[in-house]
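Read through the structure below, which is laid out as structure tokens, and then see the notes.
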Amino acid sequence: MTGAIPSRVGIVGAGQLGRMLALAAAPLGLRCLFLDRSAAAPGAQLAPILVGELTDPALLAELAKRSDVLTFDWENIPASALAPLARTIPIRPGPAALEASQDRLAEKALFTRLRIPVTPHAAVDGRADLERAARRLGLPGLLKTRRLGYDGKGQVLLRDRTDFERALEMLGERDLIYEKHQRFSLEVSIVGARGIGGEIAPYPLSANTHRDGILRYGIAPYHDEALERLAVSYLRRVMRSLDYVGVLAIEFFVVNGRLLANEMAPRVHNSGHWTIDGCVTSQFENHLRAICGLPLGSTRALGHTAMINFLGSMPDREALLRIEGLAYHDYGKEPRPGRKLGHCTIVGARAKDRDAAMQNALKSIRWT
Ligand code: AMP
């Protein structure tokens, strides 16, 4: 380390999250170095990159040697790959937080231990378990892989028993979780940062709309004081229990005014992208401040914000740029169906300005 405050940030994964971390790092005087499988990853357009497997011990060691602190834009690095590095460099958030969020079952066990309600669920390792789980919890339900699922990948909706065979074929027979299909009024998420001294800076609550398991758009701040208070108290519980450093996100279903935790991400999160343009300090900057031991920035909202994802294809940039209060974010990725390629944020002084601009923007955005 070159001094008390880290200035070289090693980032495992150079996707859009890494890229937006690098964008936030520059004004703070921090320099980033990535490790990613692809030299064409979005982050590589902004900072140097080591190219290879994210678990490659030699590359991880080089990343650690050339950095003062390590962090992630992808949380699925096995703890065994990080263990040798933990002796030489601060890893933030720490391996315990990564491990807890790598397995849906372990994650739900953590929530339950912390008295945070979750969707009824059961572990599934084969057809007999699935039959039992569906009988106990009811249909419809979702069968999901316990590990490595994201954006609706690694999960199948089961309407009735005739869906079982195909689902088990698609997902494999083992290491699955069956969840009751939850009827909810809304999905919300809480994003916040925790510094190395234990200080916590939560952002306002965001209301999120998903389709086919992928976030389409979100509105923030979502003004519901009781829900926000509850979400922040759950966020604090998880952060304290893991002695967490950095940004953490928890996604919830709202059911009869209660929050059921669906999942958490030990990193900056799509539902927090609105904070780049919509808050005094973005989630990316606060993550960097936290992991570098710098004071956390204000999470105050600047207005009424909407964030809309670009999925599969990029929209007409000119049409969007004409909209008052709109900020455009292109991740520099090749288009592919369903792929997150960018997003736009709309910040309005009043909710009705935001909503009108959002309807206008949606006319130019096609999710393919
Ligand atoms: P996940 O990968 O678990 O975050 O799921 C992605 C999205 O799929 C969620 O944000 C929900 O919209 C939907 N979903 C996941 N699990 C359930 C569930 N148990 N009941 C209803 N919808 C779900």
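The values are calculated or read from the model by the stated rules, or taken from the named source; none is laboratory data. Because the structure is a prediction, the values reported are computed rather than measured. Counting neighbours? That spans all protein chains shown, and the Cβs are built from the backbone with ideal geometry, glycine included. Ligands, DNA and RNA are excluded from the accessible area calculation, which covers all protein heavy atoms including side chains. Shrake-Rupley method; radii C 1.70, N 1.55, O 1.52, S 1.80 Å.
Applying the selection to segment 290-345, what residues are in a loop (DSSP other than H, G, I, E, B), of a type in the set (Lys, Arg) and open to solvent by 50 Å² or more (accessible area, probe 1.4 Å)?
Going through segment 290-345, the residues in a loop (DSSP other than H, G, I, E, B) turn out to be 292-300, 302-303, 312-316, 322-325, 331-339.
Narrowing the set further to residues that are of a type in the set (Lys, Arg) leaves 300, 322, 333, 336, 339.
Within segment 290-345, 300, 322, 336, 339 qualify.
Close contacts from segment 138-164, counting a first residue that is closer than 14 Å to residue 122 by Cβ and a second that is away from the ligand (no atom under 12 Å from the Cβ) and in a strand (DSSP E or B), with Cβ to Cβ under 7 Å and a gap of 6+ residues or different chains, come to 143/124; 143/176; 144/176; 146/176. Considering 81, 86, which residue is surrounded by fewer than 16 Cβ atoms within 10 Å (Cβ to Cβ), without any contact (Cβ under 8 Å) to a residue 60 or more places away in the chain and aliphatic (A, V, I, L, M)? Step by step, each of 81, 86 is checked, and only 86 is surrounded by fewer than 16 Cβ atoms within 10 Å (Cβ to Cβ), without any contact (Cβ under 8 Å) to a residue 60 or more places away in the chain and aliphatic (A, V, I, L, M).
Of all residues in segment 221-263, those being assigned to a strand (DSSP E or B), more than 10 Å from the ligand (Cβ to nearest atom) and over 13 Å from residue 186 (Cα atoms) number 5. It is to be established whether one or more residues within segment 98-111 are under 18 Å from the mean Cα position of the chain (by Cα), more than 16 Å from the ligand (Cβ to nearest atom), open to solvent by 30 Å² or more (accessible area, probe 1.4 Å) and under 30 Å from residue 281 (Cβ atoms). Looking for residues that are under 18 Å from the mean Cα position of the chain (by Cα), more than 16 Å from the ligand (Cβ to nearest atom), open to solvent by 30 Å² or more (accessible area, probe 1.4 Å) and under 30 Å from residue 281 (Cβ atoms), one finds at least one in segment 98-111, hence yes. Looking across segment 176-188, the residues that are in a strand (DSSP E or B), within 9 Å of the ligand (Cβ to nearest atom) and within 25 Å of residue 340 (Cβ to Cβ) come down to 179, 187.
Residues are listed down the side, and each one gets a yes or a no for (1) over 27 Å from residue 339 (Cα atoms); (2) in the same structural domain as residue 229 (by TED's automatic domain parsing); (3) within 15 Å of the ligand (Cβ to nearest atom); (4) not in a helix (DSSP H, G or I):
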| residue | (1), (2), (3), (4) |
| --- | --- |
| 81 | yes, no, no, no |
| 131 | yes, no, no, no |
| 139 | yes, no, yes, yes |
| 157 | no, no, yes, yes |
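Across segment 141-155, which residue is nearest to the ligand (Cβ to nearest atom) among those that are out of contact with any strand residue (DSSP E or B) (no Cβ under 8 Å at 6 or more places or on another chain) and not basic (Lys, Arg)? Steps first, answer last, please.
Here is the first cut: in segment 141-155, the residues out of contact with any strand residue (DSSP E or B) (no Cβ under 8 Å at 6 or more places or on another chain) are 147-148, 150, 153.
Filter once more, so that each one left must be not basic (Lys, Arg): 148, 150.
Details: 148: 11, 150: 6 Å.
Within segment 141-155, the match that is nearest to the ligand (Cβ to nearest atom) is 150.
Taking residue 162, is it more than 13 Å from the ligand (Cβ to nearest atom) and of a type in the set (Val, Ile, Thr)? Yes, satisfied. With respect to residue 55, is the statement that it is surrounded by fewer than 20 Cβ atoms within 10 Å (Cβ to Cβ) and either of a type outside the set (D, E, K, R) or touching a strand residue (DSSP E or B) at 6+ places or on another chain (Cβ under 8 Å) (or both) true? So residue 55 passes the test.
Kindly indicate whether residue 169 is within 13 Å of the ligand (Cβ to nearest atom) and either surrounded by fewer than 19 Cβ atoms within 10 Å (Cβ to Cβ) or more than 17 Å from the chain's Cα centre (by Cα) (or both). Against the criterion (within 13 Å of the ligand (Cβ to nearest atom) and either surrounded by fewer than 19 Cβ atoms within 10 Å (Cβ to Cβ) or more than 17 Å from the chain's Cα centre (by Cα) (or both)), residue 169 does not qualify. Residues in segment 41-79 that are within 21 Å of residue 284 (Cβ to Cβ), of a type in the set (A, V, I, L, M, F, W, C) and not in a strand (DSSP E or B): 8 in all.
If you scan segment 191-217, which residues turn out to be touching a strand residue (DSSP E or B) at 6+ places or on another chain (Cβ under 7 Å) and away from the ligand (no atom under 14 Å from the Cβ)? Can you show your working first?
Keep residues of segment 191-217 that are touching a strand residue (DSSP E or B) at 6+ places or on another chain (Cβ under 7 Å), which gives 191-194, 200-210, 213-217.
191, 192, 193, 194, 200, 201, 202, 203, 204, 205, listed by residue number.
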